[in-house]
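Trainee: Below: one structure in structure tokens.
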Amino acid sequence: MSDTAPLIKIEGLHKSYGGVVQVLQGLDIEMTAGDRVVIIGPSGGGKSTLLRVLMGLEQIDRGSITFGGNPYISAKSGKTAIDAKVRRSIGMVFQHYTLFPHLDVIGNLILAPTKVRGEKKADARERAMALLTRFGLAQKANAYPAQLSGGQKQRVAIARALMLDPKLMLFDEVTSALDPELVAEVEQVILQLAHQQMPMVIVTHDMWFARNIASRVIFCAGGVVVEDGPPEQVLGSPKEERTREFIERVFHIKH
Amino acid sequence: MTFNFAVVFKFQDALLLGLLTTLKLTLICIVLGCALGFFLALARTSKSAILRGVSSIYVEFFRGTPVLVQLFWVFFCLPLVLGVELSNLASGVIALTLYMGAITSETFRASLKSVGQEQLDACVALGLSPWARTMNVVLPQAVLRAAPTLLSNCVSLFKESALVSAVGMADLMFVGQNISNNTARPVEVLTVVALIYFVIAFPLTRAVTVIEHRILKRLAV
Ligand SMILES: Nc1ncnc2c1ncn2[C@@H]1O[C@H](COP(=O)(O)OP(=O)(O)O)[C@@H](O)[C@H]1O
Ligand SMILES: [Mg+2]
């Protein structure tokens, strides 16, 4: 896929919960395979909802999304429009790790490849060990999630998503639940992926991380895109008043 | 009155056979009853109102009637209704499985609730099919969480199984009653029978506490 053709194209996305709480109100976003999009915005602004929609975890009210030029989600054809094959090429990491507590680390990694793709257990284990080694977790292969630190859990969760060779990774505040001293080890892993040109959408409140990983920063508020541009511009000299206020308040940066 | 426990030892082979029948019946009904209970629990939490209704009525009915009545019904009425002969073992298995299914479904229902939405979201994000999700994520976690209570359910079943003696199944209780009638030594024989039940049930009830502690530690994430 070329770096300029849209990987994801979101048009007029509307989403409410129970028809009452209007969360997304006509969102338009286009991203290419070369993009690493960081989404910032006020809490409750619908950032998680957007990622959950992309992952196929939520139904939408209006609008459409294409993936790699193919229809993916469309409000007109309802829930069935979600293309399972496309969904399988998207990986997501959640704020609260959501590892399977009854499986050890290796078990967490090989469950989906063996069940979804019918990969042989031995092959999946081999790939899993390679990934764990890369993430500095080889000695933890047989540990259970309850025996891991938050940072280790989150790295395992990232490795688990990568086992399915995703074409796009979604990270929803993956360091927000971590003790401060554990944040760096998780961000390093994501930066490593960025260097390997993995397309990603990241929701974060970490300014340093946003600056270092983003090719684009999108400021979302009130269910729409308020500002969208390169990190230096959106974080450094925002055009919109609302963006400026938010950045000053959250990142304590005065312009 | 003097007690002579040596009497009982003459009948140890018969008692052992009775115990084996009790254990066989209990184990079969544990396996079948737990499977039934798990799917009943899924039905009770399903989106379909029909599944929910049918399974609720079933569970409430079996929890709300004496096991002895259920047992008599399966032994004497079910063959008439179905028009087939049922062996003693088959009737016992059916009756106690239906009972075990009802009580374990309550246990599973509570543990299913504790498998959170986040776990299910993770399954969707990993592309697991609903079947793979149920069998590989929901079931094992529900079983783990339910294990201590399930073990208690198993002990209850083991003890309740003595009721099958009332319909003539040659279990431990039935054998014990026979021996006590024939020897006119009810105190010795029935005390030994009670001790045999206790020696098996007691370690299991103790194990419940230990297992509970371990599982809570494992699942604390
Ligand atoms: N399952 C849900 N049911 C009802 N309301 C929800 C649900 N999930 C989120 N919301 C509401 O939608 C709004 C957006 O939430 P969210 O997408 O989590 O925002 P963010 O991630 O930007 O903080 C919030 O007001 C939140 O309370
Ligand atoms: Mg959020």
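The values are calculated or read from the model by the stated rules, or taken from the named source; none is laboratory data. Keep in mind that this is a model prediction, so the values were computed, not measured. Every residue, glycine as well, gets a Cβ built from its backbone with ideal geometry; the counts of neighbours run over all protein chains shown. Please note that ligands, DNA and RNA were not included when accessible areas were found on the heavy atoms of the full protein model with its side chains. Shrake-Rupley method; radii C 1.70, N 1.55, O 1.52, S 1.80 Å.
Trainee: Whole-Hz Karplus ³J(HN,Hα) for segment A:168-177, in order, using 6.51 cos²θ - 1.76 cosθ + 1.60 and θ = phi - 60°, x for Gly and Pro?
Mentor: Listing the rounded values in order: 8, 10, 10, 10, 9, 6, 6, 10, 5, 8 Hz.
Trainee: Translational diffusion coefficient of the protein assembly as shown at 20 °C, 1.002 mPa s, Stokes-Einstein with Kirkwood Rh over Cα pairs, in µm²/s as a whole number.
Mentor: Values: Rh = 26.4 Å.
In µm²/s, the coefficient is 81.
Trainee: Okay, moving on. Within the P(r) computed for segment A:101-166, what percentage of the Cα pairs occupies the region above 13 Å? Don't skip to the end; give the middle numbers.
Mentor: On the way: 1211 of 2145 pairs.
Counting every Cα pair in segment A:101-166, those more than 13 Å apart make up 56 percent.
Trainee: Still on this structure: Average partner chain C-beta neighbours within 10 Å, per residue of A:153-163? It would help to have the intermediate numbers written out before the result.
Mentor: On the way: counts 1, 0, 0, 0, 1, 0, 0, 3, 3, 0, 1.
Mean inter-chain Cβ contacts per residue within 10 Å come to 1.
Trainee: If you average 1/r over all unlike Cα pairs in segment B:73-143 and invert the result, what Kirkwood radius do you get in angstrom?
Mentor: On the way: mean 1/r = 0.0675 Å⁻¹.
By the Kirkwood definition, the hydrodynamic radius is 14.8 Å.
Trainee: Rule-of-thumb check for segment A:81-226: C-alpha Rg over 2.2 N^0.38 Å? The partial results should precede the final answer.
Mentor: Numbers: Rg = 15.5 Å, N = 146, 2.2 N^0.38 = 14.6 Å.
Its radius of gyration relative to the 2.2 N^0.38 Å reference: 1.06.
Trainee: Sticking with this structure for a sec: Using alpha-carbon pairs under 8 Å, 6+ residues apart, how would you state the relative contact order of chain A in percent?
Mentor: 24 percent
Trainee: Would you work out which of A:Ser176, B:Met135, A:Cys220 lies farthest towards the positive end of the dipole of the protein assembly as shown? Charges go on Cβ: Lys and Arg +1, Asp and Glu -1.
Mentor: My answer, from the dipole projection, is B:Met135.
Trainee: Placing +1 at every Lys and Arg Cβ and -1 at every Asp and Glu Cβ, with all other atoms neutral, what dipole size does the protein assembly as shown have around its Cα centre, in debye to the nearest 20?
Mentor: Values: 46 positive and 37 negative charges, 132 e Å.
Magnitude of the dipole: close to 640 debye.
Trainee: Here is a follow-up. Among A:Gln233, A:Ile106, A:Ser16, whose Cα projects farthest towards the positive end of the dipole of chain A, with charges put on the beta-carbon of Lys, Arg (+1) and Asp, Glu (-1)?
Mentor: A:Ile106
Trainee: Related question: Tell me, what does the Kirkwood hydrodynamic radius of segment B:6-220 come to in angstroms if you use every pair of distinct C-alpha atoms? If you can, show how the numbers build up before the last one.
Mentor: On the way: mean 1/r = 0.0523 Å⁻¹.
Here the Kirkwood hydrodynamic radius works out to 19.1 Å.
Trainee: Roughly how many Å² of B:Ile200 are accessible to a 1.4 Å probe, to the nearest 10?
Mentor: 50 Å²
Trainee: From Cα pairs below 8 angstrom and at least 6 apart in sequence, can you work out the relative contact order of segment B:1-138, rounded to a whole percent?
Mentor: On the way: 97 pairs, mean separation 46.5, N = 138.
Reported as a whole number, the value is 34 percent.
Trainee: For segment B:132-203, run through the trypsin sites (Lys or Arg not before Pro) and keep only the ones in DSSP coil with at most 11 other Cβ atoms within 10 Å of their Cβ.
Mentor: Working: sites: B:Arg133, B:Arg145, B:Lys159; in loops: none.
Here no loop site has a sparse enough neighbourhood.
Trainee: Go ahead and estimate [θ] at 222 nm for the protein assembly as shown from helices alone: -39,500 (n - 2.57) per DSSP H run with n ≥ 4, summed, over the residue count, rounded to 500.
Mentor: Details: 19 runs with 255 residues, N = 476.
Rounded to the nearest 500, the figure is -17000 deg cm²/dmol.
Trainee: Using only the heavy atoms of the protein chains and a 1.4 Å probe, how would A:Glu58, A:Glu126 rank by accessible area, largest first? List each step's numbers first, then the result.
Mentor: Details: A:Glu58 35, A:Glu126 135 Å².
Ranked from most to least accessible, the order is A:Glu126, A:Glu58.
Trainee: Please report, in Å, the Rg and the Dmax of segment A:65-131, where both are computed over Cα atoms only.
Mentor: In Å, with Rg to one decimal and Dmax whole: 15.3, 43.
Trainee: Now, a different point. Alpha carbon centre of segment A:176-255 versus segment B:36-92: separation in Å?
Mentor: The distance from the Cα centre of segment A:176-255 to that of segment B:36-92 comes to 58 Å.
Trainee: Let me ask something else. What is the angle, in °, between the Cα long axis of helix A:105-116 and the longest principal axis of the Cα atoms in chain A? Nearest 10 is fine, range 0 to 90.
Mentor: Approximately 80 degrees, to the nearest ten.
Trainee: Charges at C-beta only: +1 for Lys and Arg, -1 for Asp and Glu. How large is the resulting dipole of chain A about its Cα centre, in Debye rounded to 20?
Mentor: Values: 30 positive and 27 negative charges, 176 e Å.
My answer is approximately 840 debye.
Trainee: With just the Cα atoms defining each centre, how far is segment A:58-135 from segment B:202-216? Give it in Å.
Mentor: If you average the Cα positions of each part, the centres end up 37 Å apart.
Trainee: Then there is this: With only Lys, Arg, Asp and Glu charged, each at its Cβ (+1 for the first two, -1 for the last two), find how big the charge dipole of segment B:6-220 is about the Cα centre; round to the nearest 20 debye. All intermediate terms of the calculation are to be shown ahead of the outcome.
Mentor: On the way: 16 positive and 10 negative charges, 114 e Å.
Here the size comes out at about 540 debye.
Trainee: Evaluate the relative contact order of segment A:1-119 (contact order divided by residue number), counting alpha-carbon pairs under 8 angstrom at least 6 apart; express in whole percent. Write down the numbers at each step before the final one.
Mentor: Values: 158 pairs, mean separation 26.4, N = 119.
Averaging sequence separation for qualifying contacts and normalising by length gives 22 percent for segment A:1-119.
Trainee: Moving on. Got a sec? Charge dipole of segment B:6-102, +1 on Cβ for Lys and Arg, -1 for Asp and Glu; which of B:Leu32, B:Ser46, B:Leu15 is way out at the positive end?
Mentor: B:Ser46
Trainee: Give a residue-ordered list of calculated ³J(HN,Hα) values for segment B:136-152 (Karplus: 6.51 cos²θ - 1.76 cosθ + 1.60, θ = phi - 60°; whole Hz; x for Gly, Pro).
Mentor: Running phi through 6.51 cos²θ - 1.76 cosθ + 1.60 with θ = phi - 60° gives 9, 10, 5, 4, x, 5, 5, 5, 4, 5, 7, 3, x, 5, 4, 5, 4 Hz.
Trainee: At q = 0.12, 0.20 Å⁻¹, what is the base-10 log of I(q)/I(0) for segment A:1-130 according to the Debye formula with one equal point scatterer per Cα and no solvent? Please give it to two decimals.
Mentor: With no solvent term, the Cα-only Debye profile gives -0.59, -1.20.
Trainee: Tally the DSSP beta bridges in segment A:163-255 and give the antiparallel ones as a percent, rounded to 5.
Mentor: 55 percent
Trainee: Still on this structure: Which order do A:His102, A:His96, A:His252, B:His213 take when ranked by solvent-accessible area (1.4 Å probe, heavy atoms of all protein chains), largest first?
Mentor: On the way: A:His102 25, A:His96 90, A:His252 150, B:His213 125 Å².
Accessible-area ranking of A:His102, A:His96, A:His252, B:His213, largest first: A:His252, B:His213, A:His96, A:His102.
Trainee: While we're here: Counting Lys +1, Arg +1, Asp -1, Glu -1, what net charge surrounds B:Leu19 among other residues with beta carbon under 12 Å of its beta carbon?
Mentor: Working: positive: B:Lys24; negative: B:Asp13, B:Asp171.
Net of charged neighbours comes to -1.
Trainee: Report for the protein assembly as shown the percent antiparallel among DSSP-assigned beta bridges with both residues inside it, nearest 5.
Mentor: Working: 23 of 39 bridges.
Approximately 60 percent, going by the DSSP bridge assignments.
Trainee: Shifting gears a bit: Can you give me the convex hull volume of the Cα atoms of chain A, divided per residue and expressed in Å³?
Mentor: On the way: hull volume 33.6 nm³, N = 255.
Given the Cα convex hull of chain A, per-residue volume reads 132 Å³.
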